[in-house]
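Contents: one structure, followed by commentary.
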Amino acid sequence: MTETLSEMTENDESIFSSLHCILSPISKATGSATFTLNDSLCTCLLNGPGELRQQQDAINRLQVDITFQARPGSNNTNSTSTKDKLIEQWLETLVHSTVLTEHYPRSQINIVIYEEQNLSGEATILACLCNTLCLTMLDANLPMKYAFAAVPIILHPTKGLLALPKTKDELASTTYFVFVFEITLNETLAMHASGEFDMKTLEQAITIAKPIAGQIFQFYRQELEKRLS
Amino acid sequence: MNIERQINEFVLPGDTIALSSLPSPLDSSNSVTLGPGLHYDKHTGAFTSHSCGHIREPSSLIYYIDGHRPAVSSLTSGDLVLGIVVRRQLESLLVDIGYNELASLSLYDFEGATKRTKPNVDRGDIIYGRLKIDGECQPQIICINEDGKADGMGILSEHGYVFDIPVDVANDLIEHNNLLEELGNEMPYEIAIGANGRVWVKATTTRTMIALRKVLLERAKNKMDINQLKTLFAQSLVS
């Protein structure tokens, strides 16, 4: 545990070097963002709130339509389509829990999210997708209850728990966690975990991830304020 | 973790804002006005933001969040809007006002329109009218006031020129029209500003219209005072 903590403080300065983003890269969309987390790169665009296309049952709130486009030609092409659907569902619940959907009756937003580069494993790409989504919604200035940030954590066989892992470390490990934190109370909004671990490790992972989320929020502030000034 | 943000500071959605020293907004004697992006939570008694931007206080006890606002979503009933006719139906028109759906305009809501004499409107015409939004229905436009008079509203001449300006600048121009009056003293022109950020201008010469557009766009981009804008207007008229 002490080892892990020292790792983390070592990483502290380099956190900002592993994050990078471009706001409004797509000018035609209401909001868009490109976000880089280590070796993963995602682009997301949001259109709307616009007219409700299909006659759905959501007449008193905002209808959210998310499409996730995985990078074509990735290794496991056969199994991706179901995984894509899972990711879409996961992101949709995130949008529903943060956006004030009651403010937009009879309207719909369309979100398209692209995975552009993914050299490391699932943990980084999942966290990257969440952060891109949040930046896109902030860029479009949708009314939200709170901003959120996702942090990937891996359980390395020798080095222990690592936050924002480098590609080499991530490929060497089998257990990972992704935590999504909200800005107000810094509590967990969503999580995803895979592999073998016990409850103690999970709790440790959450305590490691919390301060990192705070730094990601600081990064959001920097980037968004730069655009406004 | 819970740091309270101050006036003129940058906020993200979910940030708590330090307005708590003020009287509660439920206290009717000294009411606080919260503009777009701000929210008062009754349970915690805290002011929170719902969008990102800087907190502004234009006058005392009035607060709003000044952020990047790409879409028209804050239109309310009674706003004057500029729209473009998209489709003509049997008894109504569908008008694009930059809202999430097309607004409908009944052909009887023009001055002097009856069942026999309907106004001659077609696709692409520019409409200036008053917006009516209630609840979860399609927005509606009317081009007459309570007395059945046009009152400046209706179909605008096709010899004018339409362009877009930011919504907050448009609202500011509607509220404080001294810039427009000053410019009018130098050169006569007609103007219609919609709360949806569209502007229609008409003047005798094309050069005047271009100069007007330049001044309004300059007004939107940089906070220049009236005299600077007047010189700019005079310059663009000549060159």
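The values are calculated or read from the model by the stated rules, or taken from the named source; none is laboratory data. If you're wondering where the values come from, they're calculated on a predicted model, not measured in any experiment. Glycine gets a Cβ as well: all are built from the backbone with ideal geometry, and neighbour counts include every protein chain shown. When the accessible area is computed, the model is the full protein with side chains, heavy atoms only, and any ligands, DNA or RNA have been set aside. Shrake-Rupley method; radii C 1.70, N 1.55, O 1.52, S 1.80 Å.
Values for this structure:
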| item | result |
| --- | --- |
| Filtered trypsin sites (Lys or Arg not before Pro), segment A:132-168: DSSP coil and at most 11 other beta carbons within 10 Å | none |
| Per residue, in Å², the accessible surface of chain A once ligands and nucleic acids are set aside, probe 1.4 Å | 45 Å² |
| Rounded to 10°, Cα long-axis angle of helix A:77-98 versus longest principal axis of chain A | 70 degrees |
| C-alpha center-to-center spacing [segment B:179-211, segment A:173-229] in angstrom | 52 Å |
| Protein accessible surface hidden between A and B, which excludes ligands and nucleic acids, total in Å², probe 1.4 Å | 2400 Å² |
| Residue mean of other protein chain beta carbons inside 10 Å, A:178-185 | 3 |
| Förster radius 41 Å - calculated FRET efficiency between A:Ser97 and B:Glu218 (Cβ-Cβ, nearest 0.05) | 0.45 |
| Sparse-neighbour loop sites [GluC sites (Glu not before Pro); segment B:139-218; at most 10 other C-beta within 10 Å; DSSP] | B:Glu146, B:Glu158 |
| Percent carbon-and-sulfur accessible area, the protein assembly as shown, ignoring ligands, DNA and RNA, probe 1.4 Å | 49 percent |
| Greater than 25 Å apart at Cα, pairs in A:Lys28/A:Lys166; A:Lys145/B:Lys221; A:Lys145/B:Lys42; A:Lys166/A:Lys210 | A:Lys28/A:Lys166; A:Lys145/B:Lys221 |
| Stokes-Einstein diffusion coefficient of segment B:82-183, Kirkwood radius over Cα pairs, 37 °C, 0.692 mPa s, in µm²/s | 222 µm²/s |
| Contour minus Cα-Cα distance for B:Gln138 and B:Asn227 (0.36 nm per residue) | 27.8 nm |
| Accessible area (Å², per residue) of segment B:161-238, counting only protein heavy atoms and a probe of 1.4 Å | 54 Å² |
| Segment B:80-156, relative contact order in percent, only Cα pairs under 8 angstrom and at least six apart counted | 31 percent |
| 30 Å tail of the calculated P(r), chain A, as % of Cα pairs | 23 percent |
| Shielding by other protein chains, A:134-143, mean Cβ within 10 Å | 5 |
| Relative contact order (percent, whole number), segment A:79-229, Cα cutoff 8 Å, 6+ residue spacing | 19 percent |
| Segment B:160-239 shape via C-alpha gyration tensor axes, a/c threshold 1.5 | oblate |
| Two-site FRET efficiency, B:Leu237 against B:Gln6, from Cβ-Cβ distance with R₀ of 60 Å, rounded to 0.05 | 0.85 |
| Equivalent ellipsoid, chain B (semi-axes from 5 times Cα gyration tensor eigenvalues, Å) | 36, 26, 15 |
| Reachable lysines, given that their alpha-carbon falls under 25 Å from the alpha-carbon of B:Lys115 and they are not under 8 places away in the same chain | B:Lys132, B:Lys149 |
